[in-house]
Every structure is written in C-alpha cells, then in structure tokens.
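Data block below; observations after.
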Amino acid sequence: MTVPEITAHERPILFSGPMVSALLARTKTQTRRVVKHKWPYLWQEPYYPTGRVLTDLVNQPGAFMEFRTRMQDEPGYHGSTASTLVDCPFGRPGDRLWVRETYAPVTVGYAYAADPIWNPASRPPWKWRPSIHMPRAACRLVLEITDVRVERLGDISEADALAEGIVPTYGGFGLPGGEHYHAADPRQSFLSLWEAVYGEGSGMANPWVWAVTFKRL
C-alpha cells in the first residue's frame, strides 16, 4: 500500500496515552497548546495580542494570531495599520492532523500502547516506541480542524474542559478511570492535568494557548 505524503494541509500532532484513549472514545474534540514563536518582543509593550485569529487572508493560507501596538489604536494614527501575525503550527479549519502516539511494529501491523489490552501489568514481547518517532504509515487517527481560537489558559469554560476529554466521575470530574486528576468541576480537573503535563506552576502562568477544535475522521 502506498502511503500518501504529508502535504501542507496535513500535519502530525502528538498525544499522550490518556488523550488517545479520549480520542478513541470520542470524548475529546479540543486540544490546547501553548502559543510559541521566535519574537519575544511581541509579549511586551507597546505590542499586545488582540485575541483574534485571522484565517481568510489573501495569498496567505493558514490561521494567524494577531498582535498590534497601542499606537495603532490611537486616534489620528497615520502609520502602518498592518497587524503582526504569528501562524498556528496546527493549521486552519479544514486542515487535517494525523495523530502520533506510542506504538510498536508487530507481525500483523502495529500495536498501540493506549489500547486497554496493554495495562501496566502487561508485558508485550516488544519495546514500545515513542510517539515522536511514529511514521505516517502507523497512524490510525486522523482529525479535521473545525475551529482555531487563541485565549488565555485560565479562560477555558466548563464546556471546553469537557471537550478536552474530561468526563464526569464518581463525585466529580477527571479522566476515565475516576482517580486521574479528580476535581469538583471540569475546569479544575483540566488545569490539574495541564500542570501534570507542563510542570508545576504552568497553569498559574496562564499562558496564551491555541484552542483547536476538531472532529475525528
């Protein structure tokens, strides 16, 4: 079988085991990733992020986070009105993401560590390979982007936290299994998961994030 080459409209994206499980269960339809770029001055005055994402620019395909300067908003300003744009590394609505996850080549194809059969007590006769090394041929999950936003991490709503894969558990919310990132409400559960992934204090830092909504194909 010939594997299609990755195009400008299809990009890889990494997901952890619990998040792959949520994708398989169709309880996860959003992902948040920290906005990163090589221009640190954009986070400093007089520049500021507008909170808008631009996706319909002529001759410039993609989704872009908009930055402006305070002086551009002043009455009587006669300089350039152009915004400074940071492109979204995941694409724009209509683009596709193929999921990289922990995997292993086996005789009949591929095995995936996120599958329930491989619980911690299982000892498969192979060594799991990191998701970063997963080739396109091993991909089993493809997502189509339906919306791209930028927002501060702490602005996540309860509905969006549920869309991130948080589910009702006994007496609260968490990841499937009940004991993982258990909290009284979906937002608290998601933010505790974020801290577990990105490190202590990462939630309190309240970074700007890409909020990408998608559907499974």
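So what are the radius of gyration and Dmax for the Cα set of region 153-204, in Å?
Expressed in Å, the Cα Rg and Dmax of region 153-204 come to 10.0, 27.
Once the convex hull of the alpha carbons of region 74-185 is built, what does its volume come to per residue, in cubic angstrom?
Hull volume over Cα atoms, normalised by residue count, gives 177 Å³.
How high is the FRET efficiency between R70 and Y198 when r is their beta carbon distance and R₀ equals 35 Å, given to the nearest 0.05?
According to the calculation, E is roughly 0.70.
Relative to the longest principal axis of the C-alpha atoms of the chain, give the angle of the C-alpha long axis of helix 186-198, reported between 0 and 90° and rounded to the nearest 10°.
Computed tilt is about 80 degrees.
Hey, what's the Kirkwood Rh for the chain if you take every pair of different alpha carbons, in angstrom?
Here the Kirkwood hydrodynamic radius works out to 19.3 Å.
Show me the ranking of peptides 83-90, 15-22 by mean Cβ neighbours inside 10 Å, starting with the highest.
15-22, 83-90
Classify region 37-88 as rounded, prolate or oblate from the Cα gyration tensor: take a ≥ b ≥ c as the square roots of its eigenvalues, call it rounded if a/c is under 1.5, otherwise prolate when a/b beats b/c and oblate if not.
Taking the square roots of the gyration eigenvalues as a ≥ b ≥ c, region 37-88 is oblate.
Please find the FRET efficiency linking A104 to L24, where r is the Cβ-Cβ separation and R0 is fixed at 25 Å, and quote it to the nearest 0.05.
Efficiency at R0 = 25 Å is approximately 0.90.
Each value in this text was obtained by applying a stated rule to the coordinates, not by laboratory testing. Quantities reported herein were computed from a predicted structural model and do not represent experimental measurements. Every residue, glycine among them, receives a Cβ derived from its backbone with ideal geometry; neighbour counts consider all protein chains shown.
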